[in-house]
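The values are calculated or read from the model by the stated rules, or taken from the named source; none is laboratory data. Since this is a predicted model, take the numbers as computed values, not measurements. Methodologically, a virtual Cβ is constructed for each residue, glycine included, from the backbone with ideal geometry; neighbour enumeration extends over all protein chains shown. We work out accessible area using only protein heavy atoms, side chains counted, and drop any ligands, DNA or RNA first. Shrake-Rupley method; radii C 1.70, N 1.55, O 1.52, S 1.80 Å.
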2 protein chains.
Amino acid sequence: MTTAFAQPQNRAKTIPPPALRTSYNALKSHAKLWSTASEISELLNLPIAIQRQTDQVVFQHVHFKSGQRIHSLNQEFVNIYLVNSGFIKSIFLDEFGNEQVCHFQMKGDLLGIDGMHTGRHMSEAVALSDCDVIVIPLLKLKVCSCTFEHFERAILHIFSRQLVAQQNRLNILASKNAEARVSIFLQSLAQRFHLLGYSQTSFNLRMTRHEMGSYLGLTLETVSRTLSLLNDAGIISVQLRRIVILDAEGLKELTLTHRDIQRCMVKV
Amino acid sequence: MTTAFAQPQNRAKTIPPPALRTSYNALKSHAKLWSTASEISELLNLPIAIQRQTDQVVFQHVHFKSGQRIHSLNQEFVNIYLVNSGFIKSIFLDEFGNEQVCHFQMKGDLLGIDGMHTGRHMSEAVALSDCDVIVIPLLKLKVCSCTFEHFERAILHIFSRQLVAQQNRLNILASKNAEARVSIFLQSLAQRFHLLGYSQTSFNLRMTRHEMGSYLGLTLETVSRTLSLLNDAGIISVQLRRIVILDAEGLKELTLTHRDIQRCMVKV
DNA sequence: CGGCCAATTGAGTAGCTTCAAACTTCGTGG
DNA sequence: CCACGAAGTTTGAAGCTACTCAATTGGCCG
């Protein structure tokens with residue numbers, strides 16, 4: 001039985017901001033405290049499994065309340081975090097402390113790998129709902145190298161996956177208009193909810209218009225306007241954070257910019 | 001003595017497009033054919049060195065002429081590539097075959113890691129000048145696991161570094177205007193040339209305005225106009241692809257958008 | 001020289017941002 | 001319980017940035 005790694009200090013250290021988000025703790029019931037490497041592998045949806053012989057090692061789960069920080073800027077890199085339930089944003093702070101949303105993580109997504117290279121986290125992660133997070137003490141794992149080796153290989157795949165995903169986002173920011181960006185975002189959310197077994201046509205956004213805008217490279221007003229537009233067009237129904245996708249096909253069509261269509265015509 | 005991995009078929013297979021770029025083969029003279037893992041580690045500028053005992057393994061260098069493909073879309077993922085000399089663009093092709101430039105690679109940069117996750121390359125890499133590229137057959141390395149293990153650890157760091165770099169680009173595309181984007185781009189190029197021992201104030205661009213625009217999320221006209229603007233302001237001198245940075249401080253100041261300054265003021 | 005491609009420059013416009021105001025929701029404290 | 005304030009959202013009007021379309025110039029190569 002290999003040792004387990006306690007990480008309780010993180011939980012209480014960061015005080016949540018006064019604003020308490022709309023909590024949605026549907027998942028809070030099946031609270032687990034420990035996960036094996038196999039379970040983690042499954043959660044990560046990896047092509048190669050982290051091998052079973054490492055299942056003596058178990059990883060601690062930590063709960064975060066809405067608004068709490070999972071890790072913060074310049075914090076020493078010790079752990080990576082795997083979301084088991086809840087919704088998290090990771091943000092990048094520029095020279096002036098303006099936040100730029102990097103990603104929204106949910107079940108099965110990994111956090112905090114940005115700290116590996118420099119040894120310090122380059123970003124912050126903040127819970128947008130109550131969360132259950134598996135703490136993987138990557139550096140300490142080096143000690144029992146048999147486990148680490150498998151983990152490294154797994155993480156390599158995840159990195160590759162994330163790099164491709166980032167690439168995709170770059171392309172979107174570089175070439176799509178507001179309508180396309182928002183509809184791609186909604187579709188992506190819908191798909192992610194679907195994969196987790198939730199409705200893909202009806203869901204609650206967990207982020208503000210501002211956070212959405214930051215993620216999509218738009219202002220909050222443009223996001224709001226675009227949502228209203230899709231609403232008026234009958235493609236979706238928007239009621240504050242409640243989204244219902246009424247016309248999935250129509251939404252898909254919007255991902256093509258005027259520009260895309262023209263370029264397509266030229267080729268044909 | 002472990003085996004070395006030949007990879008000659010790549011060289012001749014892809015025919016270069018008719019347009020032959022302005023070649024600038026200053027580095028062509030010290031043509032090497034093989035590199036050890038230590039040499040590679042140094043080239044990659046890694047915090048942890050790939051260990052010396054792996055130096056029995058050597059890696060083949062392959063030459064590419066300007067316009068040739070290093071790897072192409074959907075090609076099976078076998079190798080990753082480390083640039084030893086020359087200038088390369090990696091591009092992403094969208095649904096219509098429009099290219100979106102992901103990155104410009106030069107000495108010490110890695111190519112092709114995007115293929116790891118799916119087993120096929122998600123992007124293409126095209127030489128913008130004559131290049132010398134070290135071929136690292138990542139998958140075959142798994143056989144002699146002692147080497148692979150060290151490599152994996154090294155590559156993990158590189159991935160982390162690249163993810164942070166991508167994050168940065170995302171922030172730029174999401175929040176900076178044309179002026180800021182172009183000046184950040186020029187500064188980044190200047191610094192990279194500097195690190196390689198070249199002049200950081202005077203260099204040749206190896207890419208077209210279109211490619212620059214694609215990378216920066218701008219049209220070629222906007223790039224051209226912005227360069228002319230910086231030229232007229234006396235901050236740089238532009239003569240087609242020849243760039244001279246006249247006022248590095250002035251260039252740095254341009255990286256702050258009107259928007260940034262306002263937000264900064266509000267905070268103070 | 002002519003053809004081709006890259007780059008520059010201009011004019012007009014679409015789309016997003018900015019600024020501003022009104023409204024809703026939610027939590028807090030009287 | 002209601003009033004209040006803070007934060008989030010919506011919507012309008014005006015302005016500006018970057019895009020589109022178009023014409024021209026300059027290099028390069030056959």
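Collect the residues in the range B:171-208 that are among the aliphatic types (A, V, I, L, M) and within 16 Å of DNA strand D (Cβ to nearest atom), keeping them in residue-number order.
Taking the range B:171-208 first, the residues among the aliphatic types (A, V, I, L, M) are B:172-174, B:178, B:180, B:182, B:184, B:186, B:189-190, B:195-196, B:205, B:207.
B:Ile172, B:Leu173, B:Ala174, B:Ala178, B:Ala180, B:Val182, B:Ile184, B:Leu186, B:Leu205, B:Met207 - these are the residues of the range B:171-208 that are among the aliphatic types (A, V, I, L, M) and within 16 Å of DNA strand D (Cβ to nearest atom).
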Given the structure, is A:Asn74 open to solvent by 10 Å² or more (accessible area, probe 1.4 Å), assigned to a strand (DSSP E or B) and more than 11 Å from chain B (Cβ to nearest Cβ)? no
Is at least one residue of the range A:54-63 free of Cβ contacts under 8 Å to residues at least 24 places away in the same chain, farther than 20 Å from A:Tyr215 by Cβ, acidic (Asp, Glu) and more than 14 Å from chain B (Cβ to nearest Cβ)? yes
Failed criterion for A:Cys264 (all others in (1) more than 9 Å from DNA strand D (Cβ to nearest atom); (2) farther than 25 Å from B:Ala174 by Cβ; (3) away from chain B (no Cβ under 12 Å) hold): (3)
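Quick check, is B:Glu95 of a type outside the set (Phe, Trp, Tyr), open to solvent by 10 Å² or more (accessible area, probe 1.4 Å), more than 9 Å from chain A (Cβ to nearest Cβ) and farther than 22 Å from B:His61 by Cα?
Details: of a type outside the set (Phe, Trp, Tyr): yes; open to solvent by 10 Å² or more (accessible area, probe 1.4 Å): yes; more than 9 Å from chain A (Cβ to nearest Cβ): no; farther than 22 Å from B:His61 by Cα: yes.
Taking the combined requirement at face value, the residue does not satisfy it.
Among B:Ser160, B:Ser214, B:Ser183, B:Ser129, which is more than 24 Å from A:Asp114 (Cβ to Cβ), within 14 Å of chain A (Cβ to nearest Cβ) and either touching a residue at least 60 places away in the same chain (Cβ under 8 Å) or not in a loop (DSSP other than H, G, I, E, B) (or both)? Break it down stepwise before answering.
On the way: B:Ser160 fails: more than 24 Å from A:Asp114 (Cβ to Cβ); B:Ser183 fails: within 14 Å of chain A (Cβ to nearest Cβ); B:Ser129 fails: within 14 Å of chain A (Cβ to nearest Cβ).
None of the others qualify; the one that does is B:Ser214.
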So which residues in the range A:186-211 are closer than 18 Å to B:Leu173 by Cα and either touching a strand residue (DSSP E or B) at 6+ places or on another chain (Cβ under 8 Å) or modelled with pLDDT under 95 (or both)? A:Glu211
So for the range A:86-107 (the condition being farther than 29 Å from B:Asp260 by Cβ, in contact with a strand residue (DSSP E or B) (Cβ under 6 Å, 6 or more places away or on another chain) and in a strand (DSSP E or B)), does at least one residue qualify? no
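So which residues in the range B:101-129 are open to solvent by 30 Å² or more (accessible area, probe 1.4 Å) and of a type in the set (D, E, K, R)?
Step one: of the range B:101-129, the residues open to solvent by 30 Å² or more (accessible area, probe 1.4 Å) are B:103, B:107, B:109, B:117-118, B:120, B:122.
B:Lys107, B:Asp109, B:Arg120, listed by residue number.
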Restricting attention to the range A:213-243, and to residues there that are more than 8 Å from DNA strand C (Cβ to nearest atom) and among the β-branched types (Val, Ile, Thr), which single residue is surrounded by the fewest Cβ atoms within 10 Å (Cβ to Cβ)? A:Val238
Need the failing condition index for A:Leu256 against (1) open to solvent by 40 Å² or more (accessible area, probe 1.4 Å); (2) in a helix (DSSP H, G or I); (3) within 16 Å of DNA strand C (Cβ to nearest atom), just the number. (2)
